[in-house]
Amino acid sequence: RNVKVEKAAKLVCAFHFVVKAFEMEIIPAERIVAQIGETLILTCNTTGCASPNFSWRTQMDSPLGGKVSNHRTHSTLTMNPVSIVNSHSYLCTVVCDNREKKEKSVEVELYSFPSDPIIEISPSLVAGEPATVICKIPDVYPSEHLEVLLKKDEHVLHKKYFLEDDSTNTETKIVAYTFHPKAEDIGKEIACVARLSIADMDFEPKERISSQKLNANFGPQNTVITTSPGNLPMKGDSLNLTCVTQSNPPAQIVWSKYLAKESIQHLIKNNVLSIPHVHFNDSGLYICEVINLVTNKTDKATVDIIIQGAPVITKLSIEPSTTVKEGENVSIQCSAESNPPPKIILRRKSDNANMGPYSARSILFPSVMFQNGGDYECVAENKFGNSKSEITLNVKYGPKNTMITVIPAAALKEGETVTMKCTSSGNPAPVISWKKKKATGESEKISKNATLTIQNLKSQDLGLYECEAYNQFGKEEKAVKLYVQAGLEEPEQMIPLIIAFSSVAAVAVPAVAILIYVSRQAKINGSYSLVKALRLKV
């Protein structure tokens, strides 16, 4: 029995170890110091509660001045930006499962000390004459804790407190002091030291300092430009233009370049204008303009830069396109740049450099022909070297010069092999096919090859054969007709022979009269064809 009691006690202890009690916390806890204008996030966390219900309020029931975001186990109050209305004690209330309630608060304390003082010394200092130093401390809160010192080197010229201020928001505080500078003061520093010391508030910085040297202002004057390596650099060189002037305080320098039609291109605000790898378009008149913002005086200097080098082809083009149809209007253009100016030659590339067409900068084909297709080259040269570039003109055209060749080119015998080859030019290359006329007059496709071979020639192989060359720009047809010639008269026997006629070549033509007769009978696309058997005795 004692063992059972001991085990039960251990289970109860384990249960209490696993289940956490309902707790809450605020982060940051109790007190937070925040700067006006920044972002502040307050987070209310819970543990040991499955369904917490959060709410935020100020202890004075003022507006929250922030955005609440509730999540499963925590809630946030975001103030972005923090303003003077957020100077409160914030209370987070959590009700767990509509039963248990807990609350915690955090005090938000505000300050503003965002930037260094701004020093103004006016007018320009002249030894022995009064000068006024103005120090501005922007957006301070609470200003009653502000202390300002004006110092010359380590000597305190003036000190001011703002204890009587009762500020309710950020303010820019101004301290002015008039003194008589001496000649030995030139080069010394006038410093404005601003301190915002608030007891029990931990923030940084609590002190901000700005300083300015006491100088006699003059210039700019004697402005000059130095060039490295010179004002005639080679293409690809590194060019540095340095603008030197005499001015106090240092002058603001602006580089610019004259462009066409008297327009100006502004480049950089720096005393050195650096171009790592110069190009021909970097040639021109460069202007260095300097301005002293205190004296409000300006000065300038100019230098003319000329980039030299071998030509560079900037354009080699075919209009309307590098691929055209025969008959279109085509223009080939070439341009290049260099100094000195280049000599430009545009020509068709061939084994003989003197072959045309040839032009200084352009070639025009009002109605381009397929013979004009090919490679064209542009050559630009001057005393520093030359440059070449190529472009290809691709002229598309329909089939031309279609021809049929019959082998063997002599009288044929039955049983022999005859080969008919069809060739045609075109771009793109024509597709060639063969057809044969039937007795009905219809054509039957018999081959998709350029070469048609008939083995063991028989009488049924006789007839009209048509070759068709085709591409998307047109087609062309040629025909050849195989005929039986009279057999050779030998004693007691006749040897059957076959003869082929076509529009391209006639095989075994014995007399001009026969050709005249054949051509008068031709009906198919200008091809020669025989409409009846011719018998010729040998």
Review point. When all protein chains stay in place, what accessible area (Å², nearest 10, 1.4 Å probe) is found for Tyr258?
Key: 90
Review point. For region 228-263 and region 382-414, what is the separation of their Cα centres, given in Å?
Key: 58
Review point. Could you give P(r) for region 224-305, binned at 5 Å from zero, as whole percent values over all Cα-Cα pairs?
Key: 3, 15, 26, 23, 17, 9, 5, 2, 0
Review point. Say each of Glu444 and Ala260 gets a label point 7 Å from the Cα, pointing the same way as Cα to Cβ; how far apart are those two points in nm?
Key: 7.2
Point to revise | Accessible area per residue in Å² at 1.4 Å probe, computed on region 20-131 | key: 53
Exercise for review: Between beta-carbons, use under 11 Å as the cut-off and find the net charge around Asn427, counting Lys and Arg +1, Asp and Glu -1.
Suggested key: +2
**Study point:** Sparse-neighbourhood loop sites, trypsin sites (Lys or Arg not before Pro) in region 247-297 - DSSP loop, at most 16 other Cβ within 10 angstrom
**Key:** Lys269
Practice item. For region 23-111, just run the numbers: alpha carbon Rg, then divide by 2.2 N^0.38 Å, N being how many residues it has. Key: 1.05
Check your understanding: When ligands, DNA and RNA are left out and all protein chains stay put, how many square angstrom of accessible area per residue does region 270-333 have with a 1.4 Å probe?
Key -> 50
Review point. Taking a quarter of the surface of the convex hull around the Cα atoms of region 311-396, what do you get in nm²?
Key: 5.2
**Study point:** Kirkwood Rh in Å, taken over region 118-216 so that all alpha-carbon pairs contribute
**Key:** 14.3
Review point. Near Leu239, within a Cβ-to-Cβ distance under 14 Å, what is the net charge of the other residues, with Lys and Arg +1 and Asp and Glu -1?
Key: -1
Check your understanding: Using the Kirkwood radius built from alpha carbon pairs, what does the Stokes-Einstein equation give as D for region 398-482 at 20 °C and 1.002 mPa s, in µm² per second?
Key -> 161
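For region 443-483, which whole-number percentage of the solvent-accessible area (1.4 Å probe, protein heavy atoms only) is attributable to carbon and sulfur atoms?
Carbon plus sulfur share of accessible area: 41 percent.
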Check your understanding: Which Rg and Dmax, in Å, describe the Cα atoms of region 297-354?
Key -> 19.6, 68
Study note, to complete from the structure: In Å², rounded to a whole number, the accessible area per residue of region 398-482 with probe 1.4 Å is 52
Check your understanding: Roughly how many nanometres apart are two label points built 7 Å out from the Cα toward the Cβ at Thr47 and Ile454?
Key -> 10.5
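The values are calculated or read from the model by the stated rules, or taken from the named source; none is laboratory data. Given the structure is predicted, the values throughout are model-derived calculations rather than measurements. Ideal geometry is used to build each Cβ from the backbone, glycine not excepted, and the neighbour counts take in all protein chains shown. These area figures cover heavy atoms from the full protein model, side chains too; ligands, DNA and RNA do not enter into them. Shrake-Rupley method; radii C 1.70, N 1.55, O 1.52, S 1.80 Å.
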